[in-house]
Amino acid sequence: MNRLVIIGILLLWGIGINGQILPPKLLCVSNDTLTWENPINTCGAFNAYLIWSSENANGPYALLATITNPNQTSFFHNNAGIGTWHYYMEVDANCSGEPRLQSDTLDRRNAEPPQFRYVTVENGQVQLSWNPSPSVEVVGYVISRNTNMGTSIIDTVFNELAYLDLAARPNEGKETYFVVAIDACGNASLTAPLHETIFLETSALDSCQHTIMLSWNLYQNWGNGIGAQTVMVSEDGGPFNVVANLSGTADSYAFDQARGEVLYCFRVIAEEQGTGIISQSNDACTSISVVDPVEYLNLLNASVTPNNEVALSWQINPNAELSKAILTIQTGGSSSTQEVWMGQMLSAENTFTDSQTDPGTGFATYTIEAEDLCGEITRSKAVQTIFLEVNAAEASTNQLIWTPYQNGLKQSIEYEVYRLVDGVETLLSTVPENILSMNDKVDLAGAVNLEACYVIMAKATLQLPDGSLQTVVSRSNTVCVAPIAPFYIPNAFAPNGNNQIFRPELAFGMLEEYQMDIFDRWGGHLFTSKDIEVGWNGQNKGQMLSPGVYLYVIKWRQTNGQPQETSGGVVLMR
């Protein structure tokens, strides 16, 4: 243990040392000259300074010199040769029975160099820290830094094991440092292995990659090597957060989460294996102009308008940078495309009207394909319109059948069936999604327009990719049909009586087609009429026929109806 340390401990314990003979403070050995500071002893008269030497640190030590001048502070060891000598000193004083304390033992060698703990960058400045030299004669440390002119001394510190270099520029390149220990004679130790800051650089790649490349120099000369490295990032001046944990050999990293118009600052932290000591790089900041991609593309709905067009609504992130957005329409066996975006500003929800497709001829299936400026293509899920067909049946009954509403985002659905008469919309029924048809018994008594029009409304709940729910209503094409009106056909007529003409009567509505043919009972053709208002008067070629049963065949088609036909017999009476 250092003898001066022992003395200090004794003082702390309250043990007096007045009876002990203090040694000189041996400061250093330079060019075979020993230098010391003289002590103050009050226990008795001074006789001499005793210098002991040995070529082995563990002795034995022999008396080298006796110096009787109490003011002398140095001694030259003549003929020391090239061996490694070790020295300590004592004071010979007239202090009867008191022990002589020994000074520290020094040798001819230069002091041991200190060991760097780290150099690191903090707030744009370089901080250095080192462990003390194990040599007791060390009184200070000389700090040097590499410059454009070579290695230059930047400072000398005493009683310090750390240094803040205010003149360093770690943001412009790596800074390299050396530290040597010095004793009171100015003897310098060997240079400790250099340590240098981690210099981090960034380079932005193509804006389509959304990537910022980082590169740095590996920390050098830790005794245990680099155990691990951490990459941290700050956005727009916010706190730094870890984005990657890397091995001790990594010297680059690709940050692939970059967004446009964001200032990113990066920092790399290296940790020595097994010690927890770290070194931090400079903060390297940059921003990147990236192409904002399509983050989501949802075709929400396709609905037939009263004008017989198809209205579409679709979602996209408004910041998406597009080169084009194309609508694909499948109808029957054919396919066509239309542009749904022509460079206008995007909204969270956008609309488009398809006026080229006729929804009255069948259902149409739609998808949207968006391409960003980097050529990345995103496709929506498909949406299919509802196609409604209505047929007039017997007894004023209309038969409705429709295709299902299809939506790739659909979670649930129900259908509402509406009838429109004279512009009045009436809800007939609400049916689940597995029901795609129904019959409607029509009572048109008092109606101005004998047509009944129908439309199907699909109410669907959508689940969007972000988990949210949205309700849409899709309307089918509108179909109008006149119900089949009863035909009243008399079973007898009397040309000379009250009922002189044989013809049927239509209960209501209009006829698009009509033909009535009369035959005798042998099949001979007697009469034809293509106008329901023109009946048969019982004659053939101007001659009244004999009473009896004659046959008729009547064919007709109502407006928007199906062709009908009936036949039977009528009695001609006098």
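Over segment 455-574, accessible surface divided per residue gives 54 Å², non-protein components excluded, 1.4 Å probe. Helix 3-12 and the longest principal axis of the C-alpha atoms of the chain enclose an angle of approximately 80°.
Checking every one of the chymotrypsin sites (Phe, Trp or Tyr not before Pro) in segment 514-554 against DSSP loop status and a limit of 15 other Cβ atoms within 10 Å picks out TRP522.
Please give the length that would be gained between ASP443 and ASN498 if that part of the chain were fully extended, namely 0.36 nm times their separation in residues minus their C-alpha to C-alpha distance (nm, one decimal).
Residue separation times 0.36 nm, minus the Cα-Cα distance, leaves 16.6 nm.
Once the Cβ-Cβ distance between GLN338 and LEU246 is put in as r, and R0 is 35 Å, what FRET efficiency do you end up with, to the nearest 0.05? E between GLN338 and LEU246, to the nearest 0.05, is 0.10. For LYS555, the lysines whose Cα falls under 25 Å of its own Cα, not counting residues fewer than eight places away in the same chain, are LYS441, LYS530, LYS541.
Amide hydrogen proximity for LEU462: with H placed 1.01 Å from N in the peptide plane, the residues at 5 or more positions away or on another chain lying under 5 Å are GLN411, GLN470, THR471, VAL472.
Shown here for segment 480-545: GluC sites (Glu not before Pro) in loop regions (DSSP other than H, G, I, E, B) with at most 12 other Cβ atoms within 10 Å, namely GLU533.
Taking a point 7 Å out from the Cα of THR461 in the direction of its Cβ, the residues of segment 396-419 whose backbone N falls within less than 11 Å of it are 411-414.
Assuming R0 = 51 Å, what is the FRET efficiency of LEU469 and ASN391, from their Cβ-Cβ distance, to the nearest 0.05?
0.85
Listed options for Rg and Dmax of the Cα atoms in Å are (i) 23.9, 71; (ii) 25.3, 83; (iii) 54.3, 181. The value calculated from this structure is the one marked (iii). With the simple model of a label 7 Å out from the Cα in the direction of the Cβ, LEU373 to SER347 spans 2.4 nm.
Ordering TYR177, LEU166, TYR87 by the projection of their Cα atoms onto the charge dipole of segment 57-183, which places +1 on the Cβ of Lys and Arg and -1 on the Cβ of Asp and Glu, puts TYR177 at the extreme positive end.
Straight-line cross-link partners of LYS410 among the lysines, defined as a Cα under 18 Å from its Cα and at least 8 positions apart when in the same chain: LYS381, LYS459. The label point for LEU428 and the one for ASN47, both projected 7 Å from the Cα toward the Cβ, are 13.5 nm apart. Of the accessible area of the chain, with the probe set at 1.4 angstrom, what percent is carbon plus sulfur? The computed percentage sits at 48. The label-point distance for ARG557 and ASN159, in a model that sets each label 7 Å from Cα toward Cβ, rounds to 11.7 nm. Taking 0.36 nm per residue of separation and subtracting the Cα-Cα distance, full extension of the segment from MET510 to VAL262 would add 82.1 nm.
Given a 1.4 Å probe, how much area per residue of segment 212-332 is accessible, in Å²?
42 Å²
Assuming charge only on the beta carbon of Lys and Arg (+1) and of Asp and Glu (-1), the dipole of the chain about its Cα centre is about 1100 debye to the nearest 20.
For segment 402-419, backbone phi angles converted through the Karplus equation (6.51, -1.76, 1.60; θ = phi - 60°) give residue-by-residue couplings of 9, 7, x, 7, 10, 8, x, 9, 5, 9, 8, 7, 9, 10, 10, 9, 10, 10 Hz, Gly and Pro being listed as x. Residues of segment 347-383 with an amide N closer than 20 Å to a point placed 7 Å from the Cα of ASP206 along the Cα-to-Cβ direction: 370-378. Can you pull out the GluC sites (Glu not before Pro) in segment 320-427 that DSSP calls coil and that have at most 16 other Cβ atoms within 10 Å? Hits after loop and neighbour filter: GLU321, GLU376, GLU394.
The values are calculated or read from the model by the stated rules, or taken from the named source; none is laboratory data. The structure presented is a predicted model; accordingly, all values stated were derived computationally and were not measured. In this analysis, Cβ positions are derived from the backbone assuming ideal geometry, glycine residues included, and neighbour counts consider all displayed protein chains. The area values use the complete protein model at the heavy-atom level, side chains included, leaving out ligands, DNA and RNA. Shrake-Rupley method; radii C 1.70, N 1.55, O 1.52, S 1.80 Å.
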